[in-house]
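What follows is a single structure, written as structure tokens, with notes after it.
The values are calculated or read from the model by the stated rules, or taken from the named source; none is laboratory data. This one's a predicted model, so the numbers in the text were calculated from it and none came from an experiment. Here Cβ is always computed from backbone atoms with ideal geometry, including for glycine, and neighbour counts include all displayed protein chains. Note: areas computed on protein heavy atoms with side chains; ligands, DNA, RNA excluded. Shrake-Rupley method; radii C 1.70, N 1.55, O 1.52, S 1.80 Å.
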Amino acid sequence: MKIIGILGSAREGGSTRYLIEEVMKEPKAKGAETKIYNLGKMDIRCCLGCGVCRKKERDCVRKDDMRLLYEEMKTADAIIIGTPIYMGEMTGQLKTFIDRCFALKDAQSKPLIPAGKKLAVVITQGAPMPDHYIKTPDRIEYIFKGLGFIPIGRITAVSVHNTEELLQNKDVLEQARELGKQLL
Ligand SMILES: Cc1cc2nc3c(=O)[nH]c(=O)nc-3n(C[C@H](O)[C@H](O)[C@H](O)COP(=O)(O)O)c2cc1C
């Protein structure tokens, strides 16, 4: 089994990476192949809106690190998408990645990747209200459902400004490990 993590925080030692790793813990112990991609450290440029990717048997014209992620999404059994909330939304690098996922459908808007892959969503935020930014995980699930993924769960870590604060929230760490079991 292969699980990829899409990390929407450029902060390497941050809470979002920690939580994605926590979700991956059980699958990894059971032999799953896991890998986390930090979007902020990759060369992923904006969608040009040219529409070439939706033309018959044409790929995205941008030859950057999305080429690797397109292949990874095609071959993975599950994907974990994690983002901190920045200025009330997912981070810019995650949105750019999602825009580029436009190329994962054909001219008839039919997904080009096999259906049935599992999706887990991880949100971290400074604000204490769990549903305050609920549109962010809703939107991520909606987009990936359209690509044939099956959302199996989400977690939101609230009142988090650094990993030390996250580690004090035992409930959310437990939720992350439970979410990991659902990926198997
Ligand atoms: C530029 C920036 C903007 C932020 N905007 C918000 C926000 O609008 N709402 C919120 O609840 N937290 C906000 N935060 C806090 C982060 O979402 C929170 O600390 C998160 O856990 C950081 O994740 P990381 O450690 O993986 O980078 C912001 C943090 C930064 C650096």
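Excluding same-chain residues fewer than 8 positions from LYS118, which lysines have a Cα within less than 19 Å of its Cα?
Within the straight-line cut-off, LYS118 pairs with LYS2, LYS25, LYS28, LYS30, LYS35, LYS74, LYS105, LYS110, LYS145, LYS181.
If you take every DSSP beta bridge whose two residues both sit in the chain, what share of them, in percent to the nearest 5, is antiparallel? Before the final figure, lay out the partial values.
Details: 2 of 27 bridges.
Looking only at bridges with both residues in the chain, the antiparallel portion is about 5 percent.
Carbon and sulfur atoms: what percent of the 1.4 Å accessible area of the chain do they account for?
On the way: 4810 of 9210 Å².
Here it works out to 52 percent.
How many angstrom lie between the Cα centre of region 64-97 and the Cα centre of region 1-35?
Region 64-97 and region 1-35 have Cα centres spaced 13 Å from each other.
Along the Cα→Cβ direction, 7 angstrom out, place labels at HIS132 and PHE102. What is the inter-label distance in nm?
3.2
Any idea what % of Cα-Cα pairs in the chain are farther than 23 Å?
Numbers: 6469 of 16836 pairs.
Value for the chain: 38 percent of Cα pairs lie more than 23 Å apart.
Along each of its three principal axes, how wide is the spread of alpha-carbon positions in region 98-172, in whole angstrom units, largest first?
Its Cα atoms span 47, 19, 18 Å along the three principal axes.
Along the three principal axes, how long is region 62-130 when you take its alpha carbons, biggest first, rounded to the nearest angstrom?
41, 27, 23
At a 10 angstrom cut-off on C-beta neighbours, averaged per residue, how do the peptides 167-175, 100-108 rank from highest to lowest? Kindly include the intermediate steps, with their values, before the conclusion.
Working: 167-175: 14.2, 100-108: 16.2.
Put in order of decreasing packing, that is 100-108, 167-175.
Go through region 112-127 residue by residue and turn each phi into a ³J(HN,Hα) via Karplus (6.51, -1.76, 1.60, θ = phi - 60°); whole Hz please, and just put x for glycine and proline.
Working through the residues one at a time gives 9, 10, x, 6, x, 6, 8, 10, 10, 10, 10, 10, 10, 7, x, 5 Hz.
What number comes out for accessible area per residue over the chain if the probe is 1.4 Å? Units Å², please.
Numbers: 9210 Å² over 184 residues.
With the other protein chains kept in place, the chain gives 50 Å² per residue.
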